[in-house]
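The values are calculated or read from the model by the stated rules, or taken from the named source; none is laboratory data. Remember, it's a predicted structure, so these values are computed and weren't measured experimentally. Cβ placement follows ideal geometry from the backbone for every residue including glycine, while neighbour counts extend to all protein chains displayed. These accessible areas exclude ligands, DNA and RNA; they are computed on the full protein's heavy atoms, side chains included. Shrake-Rupley method; radii C 1.70, N 1.55, O 1.52, S 1.80 Å.
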Amino acid sequence: AMGGDAFSFLMAIESVTFGQALKLLADRTGLAIPTNKVPPKDNSLININSAASQFFSDYLSSKEGHAARKYLATRKMTAKATTQFQLGLSPRDGASLKRHLQGIGYSEEQIILAGLLSQNRDGIYQDLFRGRLIFPIWDAQGSLVGFGGRVLDKSNPKYLNSRQSPVFDKGQILYGYHWAKESMETEGAVIVEGYMDVITAHQEGFTNVVASMGTSLTQHQTHLLHNTNKDVVLALDPDKAGQE
């Protein structure tokens, strides 16, 4: 006689692994096996974002990026940090990025799906980011999934994010997380509000700093902090929104 349960019995009789035995029994009994698998990323959208990031970076380095580079200098932004965080600049005309991406083979539909275009009053799709300092945004695994754009004048909104897409949901991302996760495990985490705050902290050696992509912390964002066994500090702006 053979001891054990239904799993070991099937594994012996059918010469299968535990996982295969589990699936066989689930199929026979009509039970669904829960899965924690993360849905696969749409690599074409990540590739579009990578191409857009290179375009923005090149534009910041061109003669048209002089004013933006001067602004970064006033914020004491080092060349090393600018390169590490792949900062860029978007042209003001509203058509340059779209034209560039279409020129290297992406369709308008793909660029819309990536969250990089917006529709104007005439129904024409144009670049979402126009005349903005660009901050690429990576997910927890280090895939480039979206952008934040900051104005360099007094216009509103001051900050603008990529439209939500199959790879970008700002409520599930902590900006700078993939740079910070190793030091957060041992040093705890500091959560700030802005991209610039994160970059400034990192260039000064405080690599456990991340930003919440907005004042309100979501459940998804706090879940990213589960690996740290030290304190999590909120260092938000001292205004009404920060207090709330």
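Skip the ligands, DNA and RNA, and give the accessible area per residue of the chain with a 1.4 Å probe, whole Å².
58 Å²
Set the Förster distance to 41 Å, then compute FRET efficiency between SER155 and GLU187 from the Cβ-Cβ distance, nearest 0.05.
That gives a FRET efficiency of 0.60.
Heavy atoms only, probe 1.4 Å: what % of the accessible area of the chain goes to carbon and sulfur, would you let me know?
52 percent
Mean residue ellipticity at 222 nm from the helices of the chain, using -39,500 (n - 2.57) per DSSP H segment of n ≥ 4 over the full residue count, to the nearest 500 deg cm²/dmol?
Counting only the DSSP helices, I get -11500 deg cm²/dmol.
What is the gain in length, in nm to one decimal, between SER15 and GLN84 on full extension, counting 0.36 nm per residue of separation less the C-alpha to C-alpha distance?
Here the answer is 19.7 nm.
Whole angstrom only: what separates the Cα centroid of the stretch 118-179 from the Cα centroid of the stretch 204-240?
Centre-to-centre (Cα) distance: 19 Å.
Using a 1.4 Å probe and counting only protein heavy atoms, arrange SER96, SER15, SER44 so the residue with the most accessible area comes first.
Working: SER96 20, SER15 100, SER44 45 Å².
From most accessible down to least: SER15, SER44, SER96.
Can you pull a Stokes-Einstein diffusion coefficient for the stretch 128-244 at 25 °C (0.890 mPa s), Rh from Kirkwood over Cα pairs, as a whole number of µm²/s?
Rounded, D is 168 µm²/s.
Taking the stretch 125-182, which chymotrypsin sites (Phe, Trp or Tyr not before Pro) meet the DSSP loop condition and have no more than 16 other C-beta atoms within 10 Å? The partial results should precede the final answer.
On the way: sites: TYR125, PHE129, TRP138, PHE147, TYR159, PHE168, TYR175, TYR177, TRP179; in loops: PHE129, PHE168.
Answer by residue number: there is no such site.
According to the square roots a ≥ b ≥ c of the eigenvalues of the Cα gyration tensor, what is the shape class of the stretch 179-244, taking rounded for a/c under 1.5, prolate for a/b larger than b/c otherwise, and oblate for the remainder?
oblate
Evaluate the Debye formula for the chain with equal point scatterers sitting on the alpha carbons, no solvent, and hand back log10 of I(q)/I(0) at q = 0.07, 0.11, 0.14, 0.16 Å⁻¹, in q order, two decimals.
Calculated log10 I(q)/I(0) at the listed q: -0.33, -0.67, -0.94, -1.15.
Over all pairs of distinct alpha carbons, what does the Kirkwood formula give as the hydrodynamic radius of the stretch 130-190, in Å? Intermediate values should be presented prior to the final figure.
Values: mean 1/r = 0.0778 Å⁻¹.
It is 12.8 Å.
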